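*Asks:* Take this structure first; my questions come after.
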């Protein structure tokens, strides 16, 4: 069982099939995984493939039907191959009715009766063999492997014949999950493609369903030695990757797919998570730099790989182009200013505003008579601002990790996905919306000048210092990002499909949301003089 809906995870799980077959030569071995990945397991030694789905409305009855079919098979052994905290795999394994139900020790292991200690390695390519060894299954050769027939490989070669000319054939997959910041910029891919063409290489450009709209950006004016492909059939796409001498791809499913068909890969990582998801050195060359790989680093890595694959060719290292290597973040100096370091905190202006709001709510009388149409309208406007703030903050906090300026820790990546694809400072926009909502809920209009003054201070001091820091770390990457994304007001309306949360979404985002709701409720409650008098009486009794 590998209950996951990403292509890369399905490919990694396929590495367990052949070790199990060697260990249990005469057993019936079934696999449960993502429905769309079914074709990847063709020609592998399994009896049946059970697909899982998350499509609505099929998902309402799908898992009940799946569990019923699994229980009819009366398995002797069922194994959750996720090597992660995922609960869905353990749940299905636990309800499968198998005699032995194996998986890793975790919060959801109550359905298992064989609990295995977690692998020492966090790398997905190494963790699965460790899991197999703990089950006494020989793990030699436990690497992702996609078997293609001779006919499929011939179809792939014929499709690639559209790339005219001689010389090595380099595939370039220009996609990647934009929502989690894995996609390399299109202009950088174009520069690498131009550099490879100038050195005599042929280039095949690939795009998947999520990147289909990018195809027009990569249509060359001179189509000699370059061709653009969109192949939605997964096994045909795999056959085309197998026909390439080298593949360049961001951290994505096609990167793992190329490794599974035996094509040497240059893997581009925008984040320092290559230790977890990066293929081993015998399958791929990993390129990572803080802020994203540079064109020179990627091109140099490609030239070096091609010179090894074709030692008699013309691919020599390029002067001034050094392949990127994993870098360790360094500490950064404190802001050069006489202001206290706390002033550079994003929460500094917010705390000052909340103190002013609390003083106003305690001492000032309400501006409108309760239960009038004007009061209802003002309250509704305030609630809408608070709701917009809550949604924006939850969306934003699912994309960022805590790395405040005063922590002296260097940010390891530039976040450009989610709300950061539309505005550069969604946290500050959310804080401003919350402040406007509180002002209208409590009729504290005298605090509007205070709010705008704090906003200007934050823009000049906090935001200015943050952007100078990012500029010094990421250089041209941040310059391009700042030039294309506005600071506070989006140039367009986000699509509904863009509103997604990261897989590592943390519950602290809801804590922020509840804090905003609590503050609004408290200030609204204190707006009533009777409630203030009640609090004063409680304080007097406690003090007296």
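The values are calculated or read from the model by the stated rules, or taken from the named source; none is laboratory data. Small disclaimer: the values here were computed from a predicted structure and weren't measured. We place every Cβ from the backbone using ideal geometry, glycine too, and count neighbours over all the protein chains shown.
*Asks:* Name the one entry in 505, 478, 510 that is surrounded by 13 or more Cβ atoms within 10 Å (Cβ to Cβ), in a helix (DSSP H, G or I) and at pLDDT below 65.
*Replies:* 510
*Asks:* Related question: Farther than 26 Å from residue 26 by Cβ and exposed (fewer than 14 other Cβ atoms within 10 Å of the Cβ): is that true of residue 91 in this structure?
*Replies:* no
*Asks:* Moving to a separate point now. Given the conditions (1) assigned to a helix (DSSP H, G or I); (2) within 19 Å of residue 125 (Cβ to Cβ); (3) out of contact with any helix residue (DSSP H, G or I) (no Cβ under 6 Å at 6 or more places or on another chain), which single one is not true for residue 61?
*Replies:* Condition not satisfied by residue 61: (2).
*Asks:* Here is a further query. Would you list the strands (runs of 3 or more DSSP E) that sit entirely within the stretch 74-140 and hold 2 or more residues that are closer than 22 Å to residue 5 by Cα?
*Replies:* Counting at least 2 such residues, we get 77-79, 100-104.
*Asks:* Go through the stretch 399-428 and give me each residue that's in contact with a helix residue (DSSP H, G or I) (Cβ under 7 Å, 6 or more places away or on another chain), farther than 17 Å from residue 485 by Cα and modelled with pLDDT of 55 or more.
*Replies:* Passing the criteria: only 411.
*Asks:* Sticking with this structure for a sec: Would you mind stating whether residue 145 is touching a helix residue (DSSP H, G or I) at 6+ places or on another chain (Cβ under 7 Å), surrounded by fewer than 19 Cβ atoms within 10 Å (Cβ to Cβ), within 17 Å of residue 12 (Cα to Cα) and outside the structural domain of residue 12 (by TED's automatic domain parsing)?
*Replies:* yes
*Asks:* Checking the structure you have, find out if any residue of the stretch 443-466 is over 21 Å from residue 355 (Cα atoms), surrounded by 19 or more Cβ atoms within 10 Å (Cβ to Cβ) and modelled with pLDDT of 80 or more.
*Replies:* yes
*Asks:* Name the residues in the stretch 427-442 that are surrounded by fewer than 23 Cβ atoms within 10 Å (Cβ to Cβ) and under 18 Å from residue 493 (Cα atoms), would you?
*Replies:* Those that are surrounded by fewer than 23 Cβ atoms within 10 Å (Cβ to Cβ) and under 18 Å from residue 493 (Cα atoms): 427, 429, 433.
*Asks:* Restricting to the stretch 152-194, count the residues that are over 30 Å from residue 292 (Cβ atoms) and part of a loop (DSSP other than H, G, I, E, B).
*Replies:* Going through the stretch 152-194 one residue at a time, the tally reaches 5.
*Asks:* For the stretch 20-51, what are the residues that are more than 31 Å from the chain's Cα centre (by Cα) and part of a helix (DSSP H, G or I)?
*Replies:* Selection gives 20, 21, 22, 23.
*Asks:* Of all residues in the stretch 68-88, which are out of contact with any helix residue (DSSP H, G or I) (no Cβ under 6 Å at 6 or more places or on another chain) and modelled with pLDDT of 90 or more?
*Replies:* Correct list: 68, 69, 70, 71, 72, 73, 74, 75, 76, 77, 79.
*Asks:* Just give me the residues in the stretch 205-226 being over 26 Å from the mean Cα position of the chain (by Cα) and buried (at least 17 other Cβ atoms within 10 Å of the Cβ), in sequence order.
*Replies:* If the condition is that a residue be over 26 Å from the mean Cα position of the chain (by Cα) and buried (at least 17 other Cβ atoms within 10 Å of the Cβ), then 225, 226 are the ones that fit.
*Asks:* Right, another one. Quick check on the stretch 265-278: of everything there that is surrounded by fewer than 24 Cβ atoms within 10 Å (Cβ to Cβ) and in contact (Cβ under 8 Å) with a residue 60 or more places away in the chain, which residue is nearest to residue 187 (Cα to Cα)?
*Replies:* If we take residues in the stretch 265-278 being surrounded by fewer than 24 Cβ atoms within 10 Å (Cβ to Cβ) and in contact (Cβ under 8 Å) with a residue 60 or more places away in the chain, then 271 is nearest to residue 187 (Cα to Cα).
*Asks:* Checking the condition at pLDDT below 90 and over 25 Å from the mean Cα position of the chain (by Cα), which residue from 139, 102, 186, 151 passes?
*Replies:* Result: 139 is the single residue among 139, 102, 186, 151 that is at pLDDT below 90 and over 25 Å from the mean Cα position of the chain (by Cα).
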